[in-house]
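Chemist: One structure follows; several queries about it will come next.
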Amino acid sequence: MDDNPYLLLTPGPLSTSKRVKAAMLKDWCTWDREYNDLVQNIRSRLVALATKRTGEYSCVLMQGSGTFCVESVIGSALGRIDKLLVLTNGAYGKRIAQMAQVLGISTVVQDSGEVSLPDLDKLEETLRSDETITHVAMVHCETTTGVLNPIQEAGRIVKSHGKVFIVDAMSSFGGVPLDAAEIGIDFLISSANKCIQGVPGFGFVIARIDRLQSCQGQARSLSLDLFDQWDHMEKNGGKWRYTSPTHIVHAFYEALTELEEEGGVSARYERYRQNQLTLVSGMREIHFETLLPDEAQSPIITSFYYPKDESFTFETFYKQLKEHGFVIYPGKISNADTFRIGNIGEIDEADMKRLVAAVEQVRGDGQSA
Ligand SMILES: *Cc1c(COP(=O)(O)O)cnc(C)c1O
């Protein structure tokens, strides 16, 4: 650990390396070739992380947090008479449906509660019975609980019906191996401050080039116009339309290099998986229970039930752990009392072991759960 007073065990912002933070200690300019080349380099590296079929895809960087990028896709990819089907099993899926409603887009929601995987037979049936649906959107890792949704299987169904497939891979991209072209993803969305391990301030969309082209003139917002942002970057060699988050872009460049040095997405996935396994086995030893069964669990973030004793409060637990050098996350589901621990960022197995020891100490030996 460097000078930070605590580790962020939260799924973005998360703990970053010293090198990533150090990249922000300069006043970077935007108006020259050097900066634009850096942007172009980032765009092509992101496409290469997303698929082997790099010629079919392009990347758009967009100011704002991840939600802004999702909204730019929803608001630009669907035309006036298009209709969106959203598969939801948590807050981020619901947010997609909510933004579609705000934008006046005709939307159907297939909800599977908060802890279940989407019903793919039902997806098949809906697409067969409602031919007016043109686009399907879903979340890969639903960060609300940590569940990993079956985008591969869903993609096969969506593509067999010839629909456009939009995936919010915000909290998984760079940390869980996938190939967008093989899965049939048309628009994949993620942001700087998740598994790539940069800092918050912009997100990105990796999309099929033909799909990006068909977004022209469809946006319901000026600043979130995905086509315009892409077209501007393409025609001007990496220039952003409006002020770009220069420091964050430089930090992100370092983060991408670190990802490559670590051994790429599969090596990072392995580290996250080890973090998650170490955390869960340690927490189970001191009598904590996970919300999800192991087979639905992603390596990104883990939800735990509150211990059963009446005196437990999240606020106290949070504060005590923070004093021990760990920041955790509150739960986000409505029908159970849970808290969450992120497994991603510049952290390793030893950090997870130290965390479990801190939890044990805070809870007092023996009487834990
Ligand atoms: C983090 C996250 C987002 C974006 O949230 P912001 O707060 O806008 O960065 C969207 N979807 C998922 C699944 C996420 O984990």
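Chemist: How do the peptides 304-316, 257-269, 11-23, 86-98 rank, highest first, by the average count of neighbouring beta carbon atoms within 10 Å per residue? Don't skip to the answer; put the middle values down first.
Modeler: Values: 304-316: 12.7, 257-269: 15.3, 11-23: 19.6, 86-98: 22.2.
The most tightly packed comes first, giving 86-98, 11-23, 257-269, 304-316.
Chemist: Between helix 66-77 and the chain, what is the angle of the helix's C-alpha long axis to the longest principal axis, kept within 0 to 90° and rounded to the nearest 10?
Modeler: 30 degrees
Chemist: Next question. When ligands, DNA and RNA are left out and all protein chains stay put, how many square angstrom of accessible area per residue does the range 1-76 have with a 1.4 Å probe? The partial results should precede the final answer.
Modeler: Working: 3590 Å² over 76 residues.
Per-residue value: 47 Å².
Chemist: Then there's this: Take each of the peptides 292-300, 179-187, 123-131, average the number of other beta-carbon atoms within 10 Å over its residues, and list them starting from the highest. Each step should come with its number before you reach the end.
Modeler: Values: 292-300: 18.1, 179-187: 21.7, 123-131: 13.8.
Put in order of decreasing packing, that is 179-187, 292-300, 123-131.
Chemist: If you roll a 1.4 Å probe over the chain with all protein chains in place, what percent of the accessible area is carbon or sulfur?
Modeler: Values: 7610 of 15290 Å².
About 50 percent, which is the carbon plus sulfur part of the accessible surface.
Chemist: For the chain, give the share of DSSP beta bridges that are antiparallel, in percent and rounded to the nearest 5; count only bridges with both residues there. Please list the in-between numbers first.
Modeler: Working: 23 of 42 bridges.
In the chain, approximately 55 percent of DSSP beta bridges are antiparallel ones.
Chemist: Here's a follow-up. Once Rh is set to the Kirkwood radius over Cα pairs, what Stokes-Einstein translational diffusion coefficient, in µm²/s, holds for the chain at a temperature of 4 °C and a viscosity of 1.567 mPa s?
Modeler: Numbers: Rh = 21.2 Å.
For the chosen part, D equals 61 µm²/s.
Chemist: Can I ask one more? I need the shape label for the range 186-229. Rule: rounded when a/c is under 1.5, else prolate if a/b > b/c, else oblate, with a, b, c from the alpha carbon gyration tensor.
Modeler: Cα axes put the range 186-229 in the oblate bin.
Chemist: Further question: Can you give the accessible area per residue of the range 179-323, in Å², using a 1.4 Å probe? Working shown, then result.
Modeler: Values: 5900 Å² over 145 residues.
I get 41 Å² per residue for the range 179-323.
Chemist: While we're looking at this one, here's another question. The range 130-168 to the range 1-67: how many Å between their Cα centroids?
Modeler: 26 Å
Chemist: Another question, if that's okay. If you find the alpha carbon centre of the range 306-359 and of the range 92-115, how far apart are they in angstrom?
Modeler: 29 Å
Chemist: Under the rule of at least 5 residues apart or a separate chain, name every residue whose amide H is placed under 5 Å from the amide H of T51.
Modeler: A180
Chemist: Oh, and also: Output the peptides 277-286, 24-33, 75-84, 225-234 sorted from most to least packed, where packing is the average of other Cβ atoms within 10 Å over each peptide's residues.
Modeler: Values: 277-286: 17.5, 24-33: 10.8, 75-84: 19.3, 225-234: 21.0.
So the order, starting with the most tightly packed, is 225-234, 75-84, 277-286, 24-33.
Chemist: Need one number: convex hull volume per residue for the range 1-59, Cα atoms only, in Å³. If you can, show how the numbers build up before the last one.
Modeler: Details: hull volume 7.7 nm³, N = 59.
Expressed per residue, the convex hull around the Cα atoms of the range 1-59 is 131 Å³.
Chemist: Next question. Please give the helix 33-50 orientation as an angle from the longest Cα principal axis of the chain, in degrees from 0 to 90, rounded to the nearest 10.
Modeler: Orientation of helix 33-50: about 70 degrees from the principal axis.
Chemist: Here's a follow-up. Once you place label points 7 Å from the Cα toward the Cβ at S266 and N41, how far apart are they in nm?
Modeler: If labels sit at S266 and N41, their model points lie 2.6 nm apart.
Chemist: Just check the range 312-369 against the gyration tensor rule for me: Cα atoms, a ≥ b ≥ c as the square roots of the eigenvalues, rounded for a/c under 1.5, and otherwise prolate or oblate depending on whether a/b exceeds b/c. Provide the component values of the computation, followed by the final result.
Modeler: On the way: a/c = 1.77, a/b = 1.12, b/c = 1.58.
The shape class here is oblate.
Chemist: Suppose every K and R has +1 on its Cβ and every D and E has -1 on its Cβ; what is the size of the dipole of the range 218-369 about the Cα centre, in Debye to the nearest 20? Spell out each step's value before the answer.
Modeler: On the way: 16 positive and 25 negative charges, 86 e Å.
Result for the range 218-369 is approximately 420 debye, rounded to the nearest 20.
Chemist: Sticking with this structure for a sec: I'd like the per residue volume of the convex hull spanned by the Cα atoms of the range 261-369, given in cubic angstrom. Mind showing how you got there, number by number?
Modeler: Numbers: hull volume 11.1 nm³, N = 109.
So the per-residue Cα hull volume is 102 Å³.
The values are calculated or read from the model by the stated rules, or taken from the named source; none is laboratory data. The structure presented is a predicted model; accordingly, all values stated were derived computationally and were not measured. No Cβ is skipped: glycine too gets one built from the backbone with ideal geometry, and neighbour counts run over all protein chains shown. Ligands, DNA and RNA are excluded from the accessible area calculation, which covers all protein heavy atoms including side chains. Shrake-Rupley method; radii C 1.70, N 1.55, O 1.52, S 1.80 Å.
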